[in-house]
Amino acid sequence: MTVSGAKNASLALMPATLLAAGPCRLANTPRLRDISTMSTLLETMGVDIRHPGTTIELDTAHVHSQEAPYEMVKKMRASFYVLGPLLGRYGHARVSYPGGCAWGPRPVDLHLRAMEALGAEITIEGGYVIARADRLRGAEIQFEISSVGATGNALMAAVLAQGSTVLRNAAVEPEITQLAHFLRRMGAHIDGIGTNCLTIEGVDDLHPADDSNIPDRIEAGTFLAAAAATGGNITLENVSHEHLTAVLELFRRAGCDISVTENTITLQSDGALTAIDATTAIYPGFPTDMQAQWMAMMATANGSSVITDTVYFDRFNHVPELQRLGARIDVTKNTATVHGVETLTGATVMSTDLRASASLIIAGLIARGSSEVLRVYHIDRGYEAIELKLRNLGADIQRVDSEDY
Ligand code: EPZ
């Protein structure tokens with residue numbers, strides 16, 4: 001199975017093209033709902049976009065608006081990524097303040113404080129962030145906590161600021177490294193890429209560039225979890241195993257046989273997994289975006305596993321749905337204890353968010369009998385034709401029309 005391009009890298013690369021006028025081509029861009037949401041937002045601002053196959057072409061020569069309306073931002077929090085590039089290139093932006101998400105509050109205080117540190121004047125009016133700056137000035141910014149989005153926004157604002165910027169406690173997720181490489185190709189001066197201390201020498205202008213996106217490590221981990229849980233043998237193509245070190249370690253400890261080459265991962269499992277604890281952490285730790293999928297795997301493992309999410313304390317909406325399938329899970333604060341059961345029993349369950357949907361599909365593949373997963377629009381946000389990819393791997397799964405779309 002070929003892994004698609006990284007959603008969370010594309011969602012930063014696309015707004016980054018606002019930093020220069022002209023055409024950029026981004027190869028290995030996945031065809032997902034979130035990508036089309038970002039495309040629609042950028043098109044309303046005047047960016048011309050074509051997405052033939054998996055290369056997306058964005059021409060920013062005729063951008064006429066520096067606004068991200070509520071209707072768009074409410075659909076996808078990553079829309080907030082336009083703030084940094086708009087401020088950096090145009091000196092002003094009006095971006096809807098993102099609300100919460102399916103599992104709880106998703107603040108943007110770190111983003112706003114970084115913009116103010118770079119000299120922007122920020123006000124909140126009618127649910128919108130109004131940001132202004134004649135020209136951003138380089139600054140030393142120490143992030144209180146490591147934030148992927150805040151690091152991305154600060155990076156995209158700093159590349160055109162006057163003078164040098166240092167971002168300390170910056171996120172080191174591969175998606176941020178990919179963004180930094182793309183900005184360098186556009187002419188930005190960035191040092192420390194891949195470390196949690198990024199130094200940016202501002203330049204007066206950038207030029208359009210092309211790039212090819214990294215593979216999606218979370219899509220890869222999700223398919224590995226499906227194969228591990230059902231006793232499968234799969235090989236993933238076009239994947240960077242070095243982005244999944246912590247995840248592969250846990251799969252091995254759970255009893256899977258894993259082998260890797262430069263751009264493939266092969267997993268073999270007999271389906272009889274050992275219960276293994278998992279605690280999420282910022283990269284390179286076990287990702288919070290794999291927490292729900294790991295929980296589905298552990299539902300029928302031998303023994304009990306303790307799963308703690310240290311990034312989002314309330315990311316457990318998948319628990320009640322897994323319990324409908326027969327999983328035995330107790331949640332206390334940001335920790336779930338999963339008591340492995342013999343098997344799950346098929347049922348109708350409800351998706352609540354992107355990774356919860358993936359967890360329910362994995363559980364449905366494990367369960368005896370058939371299951372129906374409702375509201376699969378959640379899963380289409382982050383997985384390209386997941387039922388086709390799973391069917392090609394031997395799963396009995398199809399998409400059916402449902403009144404409860
Ligand atoms: C990115 O979200 C990803 N989204 C998320 O993936 C992922 O779960 C998350 O990083 C953590 O890895 C995209 O890249 C589009 P954060 P982001 O800022 O940037 C707190 C998926 O499934 N925080 O790194 O929003 C925050 O509450 C999605 O693809 C503040 O307190 O995450 C959280 O506890 C879901 N203030 C922690 O930091 C802020 O200003 C990490 O969040 C920003 C964040």
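Dipole size of the chain about its Cα centre, with +1 on Lys/Arg Cβ and -1 on Asp/Glu Cβ: approximately 300 debye, rounded to the nearest 20. Between the Cα long axis of helix 354-366 and the first principal axis of the chain there is an angle of about 20°, rounded to the nearest 10. Normalising by residue count, region 1-104 has a Cα convex hull of 95 Å³ per residue.
Full-extension gain between Asn263 and Gln323, please, as 0.36 nm times their residue separation minus the C-alpha to C-alpha distance. The span from Asn263 to Gln323 would gain 18.0 nm if fully extended. Note on the chain: Rg/Rh from Cα positions, Kirkwood definition for Rh, rounded to two decimals, is 0.98.
Only helices enter the 222 nm calculation for the chain: every DSSP H run of n ≥ 4 contributes -39,500 (n - 2.57), and dividing by all residues gives -9000 deg cm²/dmol, rounded to 500. Expressed in Å, the radius of gyration and Dmax of the Cα atoms of region 248-350 are 13.9, 40.
Stokes-Einstein, applied to the Kirkwood radius of region 106-225 over Cα pairs at a viscosity of 1.567 mPa s and 4 °C, places its translational diffusion at 86 µm² s⁻¹. The modelled label-to-label distance for the pair Glu57/Asp396, using points 7 Å beyond Cα in the direction of Cβ, is 4.6 nm. Reported value for region 125-191: 111 Å³ per residue, from the convex hull of its C-alpha atoms.
Each semi-axis of the equivalent ellipsoid for region 18-58 is √(5λ) with λ an eigenvalue of the Cα gyration tensor; in descending order they amount to 16, 13, 7 Å. The three principal axes of the Cα atoms in region 194-306 give end-to-end lengths of 59, 28, 18 Å, sorted in falling order. Annotation: average projected area of region 219-274 is 3.1 square nanometres, based on the convex hull of Cα atoms across all directions.
Annotation: average projected area of region 309-405 is 6.5 square nanometres, based on the convex hull of Cα atoms across all directions.
The stretch between Thr345 and Arg113, if pulled fully straight at 0.36 nm per residue, gains 78.7 nm over its current Cα-Cα span. Under the simplified labelling scheme, the Glu372-Ala102 pair shows an inter-label distance of 1.9 nm, with each label point 7 Å from Cα along Cα→Cβ.
Taking one quarter of the surface of the C-alpha convex hull of region 159-228 gives a mean projected area of 5.5 nm². Computed log10 I(q)/I(0) for region 51-182 at 0.10, 0.12, 0.19 Å⁻¹: -0.31, -0.46, -1.16, from the Debye equation with unit scatterers placed on every C-alpha and solvent omitted.
Mind checking which lysines have their C-alpha under 24 Å from Lys75, skipping anything on the same chain fewer than 8 residues away? In chain and number order, the partners are Lys7.
Between helix 217-230 and the chain there is an angle of about 0 degrees, using the helix long axis and the longest principal axis of the Cα atoms.
Across region 286-365, Cα pairs under 8 Å and at least six residues apart give a relative contact order of 39 percent.
Ordering His111, His241, His207, His64 by accessible surface, largest first, gives His64, His207, His241, His111; the 1.4 Å probe counts only protein heavy atoms, with every chain in place.
The Ser36 and His92 beta-carbon pair, evaluated with R₀ = 45 Å, returns a calculated FRET efficiency of approximately 0.95.
The values are calculated or read from the model by the stated rules, or taken from the named source; none is laboratory data. These figures come from a predicted structure and were not determined experimentally. For neighbour counting, all protein chains shown are included, and Cβ atoms are generated from backbone atoms with ideal geometry for every residue, glycine included. For accessibility, only protein heavy atoms count, side chains too; no ligands or nucleic acids. Shrake-Rupley method; radii C 1.70, N 1.55, O 1.52, S 1.80 Å.
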